[in-house]
Every structure is written in structure tokens, then in C-alpha cells.
1. So Ser246 ticks every box in (1) surrounded by 15 or more Cβ atoms within 10 Å (Cβ to Cβ); (2) within 11 Å of the ligand (Cβ to nearest atom) but one. Which box is left unticked?
2. Being buried (at least 22 other Cβ atoms within 10 Å of the Cβ), within 16 Å of the ligand (Cβ to nearest atom), of a type in the set (D, E, K, R) and more than 20 Å from the chain's Cα centre (by Cα): is that true of Asp379 here?
3. List the pairs whose first member sits in the stretch 25-43 and is within 17 Å of Pro200 (Cα to Cα) and hydroxyl-bearing (Ser, Thr, Tyr), whose second member is surrounded by 15 or more Cβ atoms within 10 Å (Cβ to Cβ) and at pLDDT 80 or above, and whose Cβ atoms are under 9 Å apart, counting only residues at least 6 apart or on separate chains?
4. Could you tell me whether Ala95 is without any contact (Cβ under 8 Å) to a residue 24 or more places away in the chain and under 43 Å from the mean Cα position of the chain (by Cα)?
5. Could you please tell me which pairs satisfy a Cβ distance under 7 Å, a separation of 6+ or placement on different chains, a first residue in the stretch 300-326 that is within 20 Å of Gly146 (Cβ to Cβ) and at pLDDT 95 or above, and a second residue that is in a strand (DSSP E or B) and more than 9 Å from the ligand (Cβ to nearest atom)?
6. Suppose we filter Gly285, Gly341, Gly268 for residues that are within 18 Å of Phe123 (Cα to Cα) and more than 16 Å from the ligand (Cβ to nearest atom); which single one remains?
7. Could you please give the count of residues in the stretch 26-51 that are modelled with pLDDT of 85 or more, over 24 Å from His319 (Cα atoms) and of a type in the set (Asp, Glu)?
8. Among the listed residues Ile514, Ile496, Ile531, Ile465, which satisfies the condition of being free of Cβ contacts under 8 Å to residues at least 40 places away in the same chain, of a type in the set (A, V, I, L, M) and either assigned to a loop (DSSP other than H, G, I, E, B) or out of contact with any Cys (no Cβ under 6 Å at 6 or more places or on another chain) (or both)?
Amino acid sequence: MPLRDAAARAEALRRQIEQHNHAYYVLDAPTIPDAEYDRLFRELQALETDHPALITADSPTQRVGGKPLPGFAPVRHAVPMLSIRTETDTEPSGARAFDARVRRELELAEADPDVDYAAELKFDGLAINLRYEDGVLVQAATRGDGETGEDVTQNIRTVRRIPLRLAGNAPQVLEVRGEAFMSRPDFERYNEGQRALGLPTLVNPRNGAAGSIRQLDPALAARRPLSFYAYGLGETRGWELPATHSDVLGTLAAFGLPVCEHRQVVQGAEGLIAFHARMREMRDGLTFDIDGVVYKVDSLALQQRLGFVTREPRWAVAHKYPAQEALTTVEAIEVQLGRTGAITPVARLAPVFVGGVTVTNATLHNEAEARRKDVRIGDTVVVRRAGDVIPEVVSVVLDKRPMKDLFGGEPLHPAFELPKACPVCGSAVERPEDEAIARCTGGLFCPAQRKQALLHFAGRRAMDIEGLGDRIVEQLVDNAIVKTPADLYKLGLLAIVSLERLAEKSAANILAAIEKSKTTTLARFIFALGIRNVGEATAKDLARHFGNLDALMAADLDRLQQVPDVGPVVAASVARFFAEPHNIEVIEQLRAAGVNWPEGEALATVSSPIAGKTFVLTGTLPTLTRDEAKDMIEGLGGKVVGSVSKKTDYVVAGAEAGSKLDKAQALGVTILDETQFRELISS
Ligand code: IVH
């Protein structure tokens, strides 16, 4: 490349890298994946190597790590905190190259025995130096630029795993180096909480850890729990060093420091390769992120002979795994239906290899988060896949957003909006004001929710259809034999026998179970409908209160809330369910198919004359208080409301009844005095 072009490119790279440094180190909110950052950094390094004249004093290649934050006191490290060389070749050849280098430096002949290596995990967090004096933790510092870090003692003290006092016979000075990180469960829990509140989420556990440690308020830091693993030493005084690194770690563990159990002393390149492969298998199952493994020459004497090149030891290397974050582009944004009707926006991606698999979809979690991240079609995005967690879009690279014209202006694609109707069944999509998740209101009618709904319907505590399990429901729905629970009652032997691997005998048993389930109770039936927020207990309350299904179906929010233990949330769920015509249709079909229950079942043995009837109480009754009258009415499945309308069945009037009595007379509503009321309820 001609010098002039190289100079322009180097300048552009420097600007970009500095921006990314700021986002990463100061804002704890990186905008590109590490691998992409590394690529830019290496490109700049290569340009500067080819054209040393281009190196400037302020080039990002001329400093290591981040500047100390102004809010923390600087700490000068007694022994510099170095980094290790990274082997980006993720194949076995990466381990062979390291072993070959070590052997060359040690001038070992081919016939000489294998070198012993301490192999351990490369934790993905923030390097921390813990200083113990006479066994007491006196200071914790970040790495900073390697020479000077930040004093983060207060925040580190909130990390439960780090002992404030060492066990046993502690040396006069012991500096322990290790990684502070956020475990995946802690990360997920924190983000779940943030999502539920509609607040910004952490991009990944590493940034969660960095943000927590460099949080100026230790109370806030404590809200983001961290873990820690020790992997090395800084300054020591009054301590005779063990002979090997593995023994150093063993001793640190004996002092009560957390040391990761996944470490091993292995022999030669083949030992390294086997460890790399074994840990890669384990990677997804770990509770924390690793981005590779670390190999260290085990003998401290050999480490000393090997020494350092610039700021990196010759005796250690980090051998990477495929990155857990990668860049790709968004081809479409669609919504996916969960089993309970939860609607999740999902980005369809240009296939990308991340976290060891090819990813083509990533979750955007919910509408608020999709909007906050402002992901649009055509966007270049950072995708993360770590562990068994569903791949997610963590951020958008705004610089690369397609625009309508070259001069900035408007984005080519509009902001994401959740559809108003369910893409599967067309029912309304609703999101309760205080919830983050939008849901399809289609319930039983929506095919995406059918299987789950059918299994619930057939459940032991619902309609109790024995034998109608996962596998059969799956096939019934996939083959479009059953769409709604009502279809179950139309099944013939032929249809069931045609299912895979089902003997005629079992098919007949299922049919018999379906037939038997027709006779049920109102409470079971209500529960079987799978109304959101209506569990078994609520279903019983509703059945007892209303006594018959029609009264329940007709009930408005007011009436519903008069049921004991039914608050606004449950009442709204019930009302919403019965407002959906599809649901009514299914219920009518079930009744037509012969599903039945004793009416007014809830009223014990007495069938109540006032079940489902609406009462208004007005004036002062001779002997009953208003509450007593109300209890009697409700106990018999009736309902008391506050004002008279055409729908009112009875007005019970006492002395000094006012306008309510007038209105009842005007509307022709039956008016009772206390005696007549008592006669009615005991009839
Ligand atoms: S040893 C002189 N061991 O990776 C060697 N580092 O550049 C010092 N890291 O920021 C590092 N796991 O925080 C070592 N098992 C491990 C590690 C580890 C993670 C981090 C460390 C440093 C970077 C290496």
C-alpha cells in the first residue's frame, strides 16, 4: 500500500479504535465484538510495522489496557500486571506452535522429554490484584495500563467469594491475581430484572463485571454479584515460593482463595490439545463464560529462564475458542409465539458462526428491548451465543446502518413495531401496561398455543383424559386432526389408530378416556380452559361464585372482582378470555359435544334460586346489616352490585331507601323487603 493511503487508513483506524476504547473502557458498553476490535487493532499494528513512520505517540497500539477512571485512586502495581500472548488459531496447531516455541527457547532436543504445562481456563472478566498483608485483604486494584490500576477495594469487598482474611499461616505480603467475572446465571437474573422493569440490560457478563467493579457506588456494585478465580501471583514477601505454578494454585486454594477446579498438569503439545478439546466440550455447560484456555509452563524455574518479550511472558499463552460474539446482518424481524402465547421478536440473521454453532436467529426478548436497541432490517448487529442460552442480539453497529441516501438523512428501514394481530391466528395481541411481554389473546384457537393448551386441557387436574400425553397431542396437532379441545370429542378410532406407534388397544383406551371426561365439574372445566392467571384454586372460586358457566361468561370486571381472591389482574384475564369470540366458539362446541357438569354444583347440595342473580341493597334492613345480606347472597352464588340497571334482578330495600328504589320502580325491577328476601333465598 502506498504510504499516503496507509497514512489515511492508519488515521481512520486510530479514530475508530479510540471510539471503541471509550465505549469499552469508559462506558462499559462496547459496540463491536472483541474479535472485530482485534481485527482493527491488528490491521493498525500491521500498517505501523510496515511503515514505522506512521506510529504516533497517541496511537492506541502504544498503550495497553484502559486509562484509570478519574473516580478511583490510582494504585501503582508493585509487580507490573502483564498480559499474555493470544493464540488466535483455535485449532490444535495453536497448541503445537506454543509448545514448539517453548522447546526452542529452552533449547530442548527432540529426544528430550515433554514439558509439563499447567493448563487452566481463560476466564472472561476483569483482571484484579488482591493484596493481603498478614493475611488481611488491604487493597484490590484493577489492571489499568499494567503499571497503574484503580483502587476498587470497596467494590471487591462485596464479592462474597473473596476472603477478607486468609486461612492458615499467611505470608507477610501476598498479592493474588485473578479474574473477577459475572456468572451466567447472575447475568441472566440481572437482565431479567432489568427487562421486567423496561431498563437497559448488560451486553454480556464481562461488561457486567467491568461495570460492577468500576461502579463508584459500592451499593450498586453489590447489586450485580460477581465471582472470582485466582490464577497467579503479584508481589510476595515472607513466603517461600513452591516449585511449580500448579503448586502455587494449590497453596492459594489452601489459603481459602477460590481456584477453579478445571485445571490440570499435562505433558507436551498432545496434553495441551487434549485439554483444549476437553474444555471445549465442557464450555457450554459451565456457569461462566470462557474465551479459551491458558497454558503455562509449570516449573517456575523454567518460567524464569524463558522470561518475557516486551510485556508478555514467553512461558504462557492463551489458546482461544471460537468467539461467543460475532457480527452479522439482520435480514428480517419476525415474531415468535411461545407456548403460552408470549410474543417474542426474533431477528432472522445472515448465517454466522458464533459460540461454536451457526446461528440464523437471535432473540430480541421483548418489544421494549427491541425498541431500545433499535434493531432494524439491514442492520449490522453483534450476536451473542454463550452456553445453552438462546442467541441474542446485543447491539447494533449504528455506523453501518443502511440509510436512504449517502448523506446521512433517514434510515432506510423503519423502527420495529410489534404486530397488532397474532401472525399465526390473527387474534389481538395485547400487552398489559405493567408487563414487558405481549401476548396473543387467541388462546385455544391459536395453533401455536394449541399443543400446550390441549395438554393442559387433558391434564389430570383438568379434564383428566388419561393417555393423552405429549407424543399423541403432538401428532394430533401436527397432522391437523385436532385444532381445539372440542375436536377431541369428534375423534374416531380410525384417526387415532392412524397415529404412529399406537396400538389399537391404547387408541381405544384413549377414546374411552375422552368419552369419560365428558362428565366433569364446572371448576375442572374452567381450569381446563387454560385462562391466564386462573389456576385450580381460582377456577374453584369462580365456579363456586357464579354457579354456572353463562353467568361467568357474562360477568364484567366489577362482577369478577367480587369473587374472593380475584383482583384486577385475574379479572382482566378472565374478561379478556371470554371477550375473544374464538374462545366462545370452542366452549359452545364442547357443550354441543356433550361435555357437561352439574349446574350450581358449588352450592353444595342445595340448588340455589339466586345463583347468578344480581342484587342491589338499599336503605336499612330491620335485622340484617348490609354485609350480612351481601354474604348471604354471595354464599348462594348471587352477586351484589352498587347501582340499579336493567340487568339488576332484585333490589332489596329497607328504611329510607332513596333514589335506587325509585330507579328500580321505574325500570320494573323486582323489589323485596327483608322478609321477602329471606323467603326467596330459602325457597
Ligand atoms: S495469567 C503473566 N491466567 O487474560 C500472565 N490470565 O492477557 C498473567 N486471564 O487480562 C495472566 N484467565 O485477566 C492468566 N487463567 C488465567 C487467565 C488469565 C483469564 C486474563 C487475564 C489477562 C488476560 C491475559
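1. (2)
2. Taking the combined requirement at face value, the residue does not satisfy it.
3. Taking only residues 6 or more apart or on different chains, the pairs are Thr31/His20; Thr31/Val382; Thr31/Ser395; Thr31/Val396; Thr31/Val397.
4. no
5. Gln303/Val297; Leu306/Val297; Trp315/Val297; Ala316/Tyr295; Val317/Glu87; Val317/Tyr295; Ala318/Glu87
6. Gly285
7. 2
8. Ile496
The values are calculated or read from the model by the stated rules, or taken from the named source; none is laboratory data. Computed from a predicted structure; not experimentally measured. Every residue, glycine among them, receives a Cβ derived from its backbone with ideal geometry; neighbour counts consider all protein chains shown.
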